[in-house]
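A single structure is presented below for examination.
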Amino acid sequence: MEKDLTILAIETSCDETAAAVVRNGREVLSNVIYSQISLHTVFGGVVPEIASRSHIEKINPVIEAALSEAGTKLSDIDAVAVTYGPGLVGALLVGVSAAKAIAYAARKPLIPVHHIEGHISANYIENKDLEPPFLCMVVSGGHTHLVRVADYGKYEILGRTHDDAAGEAFDKVARAIGLGYPGGPKIDKAAKEGNADALSFPKAHIKDAPLDFSFSGVKSAVLNYLNDCRMKGLPISQADVAASFQKVIVEVIVEHTMEAAKESGLKKIALAGGVASNSELRRQMEEACKKHGYQFYRPSPIYCTDNAAMIGAAGYYDYLNGKRAGWDLNALPNLKLS
């Protein structure tokens, strides 16, 4: 029997300070997250400098809590995995620096993990039967990617956003209608009280790239509608705007995913990323998969938002593939998925 592989994982790409201990890529022994939402809410979005300073304050206590919760010591750890991009450069540097220090002091291998690879790998944690190849729809604040997962660590991007990512559009529209930050959960909640057919907003189609996304048009349409109502003194229903806007975003994502599955011949479809916790997206994607005979996978909401357990899952397969980093590992805020 092969030896179990236990990884200490660290994630600080944006505004969550997170650490986890993961065994064999699929068993989470601990998953500790310190969220900075309360720090950034007053500003209506993430302030990079505040995020970096908070990571510095919380990184050591969060790592210690993860080790304690897992009942492990550094001597029990086989490797240290860390997000090194993409993300906010200052935030990433805190996690990378901590991981390098721990790996060096404990004489453990250092595994650099791509943040989006982590989101994709979150699906392995609760879906023990999921193995590549499969299609993954990654929907987050910074990314909207349709990814063909050919194998562990091997990816092909079939579709991507040309402007605003879905999560970014959610945040901007939520702010515009007075819901505040973070926009995704607030839009999701408000939409449940609204009429999704009350307003008609446009869907963008990219010429010569039918699997790509563009959400700046629908965002602008919502902003124009709000400005028009305010200039004319007309009432605005937050719930109806949220529901009608969400309807367009969700329908486009589901339609493109089904088309990509058809073209690629893949029968397994997964969701990933912060927006993957959106209840309407999960419902419609599940219905579409059932209709077309596809297997559908999605992480629990706790593994959709930024967390270190997903980095530990990705790091396990990167480790098996021989991926290692030296002590010169740096943060790469614009790192591409390849």
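The values are calculated or read from the model by the stated rules, or taken from the named source; none is laboratory data. Bear in mind that the values here come from a model prediction, so they are computed numbers and not experimental data. Note that each Cβ is placed from the backbone with ideal geometry, even for glycine, and that neighbours are counted across all protein chains shown.
Could you tell me whether ASP171 is buried (at least 21 other Cβ atoms within 10 Å of the Cβ) and either closer than 21 Å to VAL248 by Cβ or of a type outside the set (Val, Ile, Thr) (or both)? If you could, list the steps in order and put the result at the bottom.
Working: buried (at least 21 other Cβ atoms within 10 Å of the Cβ): yes; either closer than 21 Å to VAL248 by Cβ or of a type outside the set (Val, Ile, Thr) (or both): yes.
Here the answer is yes, as ASP171 does meet what is asked.
Report yes if SER264 is of a type in the set (Ser, Thr, Tyr), closer than 30 Å to GLY87 by Cα and either assigned by TED's automatic domain parsing to the domain that holds SER13 or under 22 Å from the mean Cα position of the chain (by Cα) (or both), otherwise no. Show your work before the answer.
Working: of a type in the set (Ser, Thr, Tyr): yes; closer than 30 Å to GLY87 by Cα: yes; either assigned by TED's automatic domain parsing to the domain that holds SER13 or under 22 Å from the mean Cα position of the chain (by Cα) (or both): no.
Here the answer is no, as SER264 does not meet what is asked.
In the list ILE111, ILE120, ILE116, which residue meets the criterion of being within 23 Å of GLY326 (Cβ to Cβ), in contact with a helix residue (DSSP H, G or I) (Cβ under 9 Å, 6 or more places away or on another chain), touching a residue at least 40 places away in the same chain (Cβ under 8 Å) and buried (at least 24 other Cβ atoms within 10 Å of the Cβ)?
Working: ILE120 fails: within 23 Å of GLY326 (Cβ to Cβ); ILE116 fails: in contact with a helix residue (DSSP H, G or I) (Cβ under 9 Å, 6 or more places away or on another chain).
Checking each option against the conditions leaves just ILE111.
Quick check: anything in segment 218-226 assigned to a loop (DSSP other than H, G, I, E, B) and of a type outside the set (Gly, Ala, Ser)? I'd like the intermediate steps shown before the answer.
Just the residues of segment 218-226 that are assigned to a loop (DSSP other than H, G, I, E, B), to begin with: none.
Looking for residues that are assigned to a loop (DSSP other than H, G, I, E, B) and of a type outside the set (Gly, Ala, Ser), one finds none in segment 218-226, hence no.
Any chance you could count how many residues in segment 14-35 are crowded, with 24+ Cβ neighbours inside 10 Å and either among the polar types (S, T, N, Q) or not in a strand (DSSP E or B) (or both)? Full working, then the answer.
Our first condition is that a residue be crowded, with 24+ Cβ neighbours inside 10 Å; within segment 14-35, this holds for 14-15, 17-22.
Next, from what is left, pick out any that are either among the polar types (S, T, N, Q) or not in a strand (DSSP E or B) (or both): 14-15, 17.
Count: 3.
Here's a check for you: in segment 305-338, which residue that is closer than 18 Å to TYR152 by Cβ and either without any contact (Cβ under 8 Å) to a residue 12 or more places away in the chain or among the hydroxyl-bearing types (Ser, Thr, Tyr) (or both) is surrounded by the fewest Cβ atoms within 10 Å (Cβ to Cβ)?
Result: GLY322.
To keep it simple, each residue is scored yes or no on (1) surrounded by 15 or more Cβ atoms within 10 Å (Cβ to Cβ); (2) more than 28 Å from GLY153 (Cα to Cα); (3) among the acidic types (Asp, Glu).
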{"position": "LEU5", "(1), (2), (3)": "yes, no, no"}
{"position": "SER52", "(1), (2), (3)": "yes, yes, no"}
{"position": "ALA66", "(1), (2), (3)": "yes, no, no"}
{"position": "GLY71", "(1), (2), (3)": "no, yes, no"}
{"position": "ALA81", "(1), (2), (3)": "yes, no, no"}
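Tell me, which residue of segment 146-197 that is in a helix (DSSP H, G or I) and among the basic types (Lys, Arg) is farthest from ARG26 (Cα to Cα)?
Here is the first cut: in segment 146-197, the ones in a helix (DSSP H, G or I) are 166-176, 183-191.
When the remaining residues are screened for being among the basic types (Lys, Arg), the result is 172, 175, 186, 189.
Values: LYS172: 35, ARG175: 37, LYS186: 31, LYS189: 31 Å.
Step by step, filter segment 146-197, then rank; the result is ARG175.
Can you report the number of residues in segment 155-189 which are under 25 Å from ASP208 (Cα atoms) and without any contact (Cβ under 8 Å) to a residue 24 or more places away in the chain? Break it down into steps so the answer makes sense when it comes.
Looking only at segment 155-189, we keep the residues that are under 25 Å from ASP208 (Cα atoms), and these are 155-169.
Restricting the remaining residues to those that are without any contact (Cβ under 8 Å) to a residue 24 or more places away in the chain gives 156.
Of the residues in that region, 1 qualify.
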